[in-house]
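The next block holds one structure in the form of structure tokens; read it before the comments.
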Amino acid sequence: MFTSIARLFHNWKRYGDAMQELSQLSDRELVDIGISRSEIPRLAREHAQMMAEPAPAPTREPARRSIPLPLTSSPGLLPHDAPGTTACLAQ
């Protein structure tokens, strides 16, 4: 319960900070970054929600890269392997 109250407080604080920062910009500055003054509350709310979400956990899947095979036939190729295809190898 305490955790949810603390999370709610932090979201409210982030929302207030974003509202204050965006509200201090002039109309010209808002136009320059593509925001209208009426969008400030929505953007501040989205910012507070985005910052509250935990970062996605990193995946443990190895990176893959494609290596082109030689265009000439090689003695190591099996009959169903076509020259010029690519193989996907895990690093």
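The values are calculated or read from the model by the stated rules, or taken from the named source; none is laboratory data. The model shown is predicted, which means the values in this text are computed figures rather than measured ones. Heads up, the Cβs are rebuilt from the backbone with ideal geometry, glycines too, and the neighbour counts pull from every protein chain shown.
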Filter pass, T72 being at pLDDT below 85, more than 23 Å from the chain's Cα centre (by Cα) and part of a loop (DSSP other than H, G, I, E, B): yes
Cross-chain or 6+ apart pairs with Cβ under 8 Å, segment 22-49 first and without any contact (Cβ under 8 Å) to a residue 40 or more places away in the chain and over 23 Å from R7 (Cβ atoms), then of a type in the set (D, E, K, R) and surrounded by fewer than 12 Cβ atoms within 10 Å (Cβ to Cβ): R37/D27
Residue list for segment 1-27, restricted to those being of a type in the set (G, A, S) and exposed (fewer than 12 other Cβ atoms within 10 Å of the Cβ): S4, A6, S26
In segment 28-60, the residues that are surrounded by fewer than 12 Cβ atoms within 10 Å (Cβ to Cβ) and part of a loop (DSSP other than H, G, I, E, B): I33, G34, S36, E53, P54, A55, P56, A57, P58, T59, R60
